[in-house]
Amino acid sequence: VATVREVFSFGGENGRKTPCLIFGWFLACITGCIYPAMAFLWARIFEELGSDPTAPDFMDGVRTQSFLFLGLGGISFVTMTIQNTLLEIAAAEMTMSLKTRWFNALLRQDMAYFDIKDVAGTATLIAAQASKYNRGVGRKLGEGLQFTITLLGGFGYAFYASWKTTLITLTVLPFMAGSSWFMLKTTQTQTSRATKNYEEAGSIVYTTVSSIKTVLSLNACRTMLVKYKEATLKAFDAAAGFMP
């Protein structure tokens, strides 16, 4: 398992990666604080609506709360847009560096390595893993930090509003965490099996195209089609199946 330092060691040659990551994470924290603030305003607006509608300042209070909601929505839109843009810029640079280093590492291998490894499926494997890495260090990481801040801020406001009700609600938290962990492990297993099977399918395609004259001379087109369908069927079953 790679360390956090190793995960973020790619890229940074042009100096954009670190500022984009830091500022993107900072904006993710700001966006995460907006939702607890909305919960606070939501409680306040019910207080306003529950007051005497004949009071002279009734509509002024409702109008003020509406403008506050509108302002928070606008701030959330701006921060999320800039956050995702910066993190995607950094992730794209890091992913390109990852693929370049991966390819350079393949070129440094001894000839015996390519005798035991299926080179034909390497391109498919690199593309699939790089795509997951791009999503993980980019938008997904920003959303994870954002939702973590939202969770902590939500619990903080909940304890401030009514700590007794919050403690009762927390009794179901272990069940929620257990179900989330189960779904996470299941999804990871599905992704791993699908990637492996798509690597096999990519190897079949590469072998067929690179040796198309041999395949045609042996009249083996249908055989290669059957192998490709079997490989993609395995990938489909891995993605659609709930358990391995």
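The values are calculated or read from the model by the stated rules, or taken from the named source; none is laboratory data. This is a predicted model, so every value here is computed, not measured. SASA here: full protein model, heavy atoms, side chains in, ligands and nucleic acids out. Shrake-Rupley method; radii C 1.70, N 1.55, O 1.52, S 1.80 Å.
Quick notes on this one:
- In the context of the full set of protein chains, residues of the chain present 66 Å² of accessible surface per residue (probe radius 1.4 Å, heavy atoms only).
- You can think of it this way: the chain between residue 106 and residue 81 has 5.3 nm of extra reach, that is 0.36 nm per residue less the Cα-Cα gap.
- Angle between the chain longest axis and helix 173-210 axis [Cα atoms, degrees, rounded to 10]: 30
- Eligible aspartates and glutamates near residue 99 by straight Cα distance, threshold 20 Å, same-chain separation 8 or greater: 6, 13, 88, 110, 118, 199, 200
- For 21, 107, the ranking by accessible surface with the largest value first comes to 107, 21, using a 1.4 Å probe.
- Comparing 152, 49, 41 in a Gaussian network model of the chain where C-alpha atoms under 10 Å apart are linked, the largest mean-square fluctuation is found at 49.
- Largest GNM mean-square fluctuation across 160, 133, 198, computed for the chain with C-alpha springs under 10 Å, falls on 160.
- The chain - percent of accessible surface contributed by carbon and sulfur, probe 1.4 Å: 69
- Within a Gaussian network of the chain (alpha carbon springs, distance under 10 Å), most fluctuating of 153, 138, 61: 61
- Straight Cα distances below 20 angstrom link residue 227 to the lysines 117, 196, 213, with same-chain residues fewer than 8 positions distant left out.
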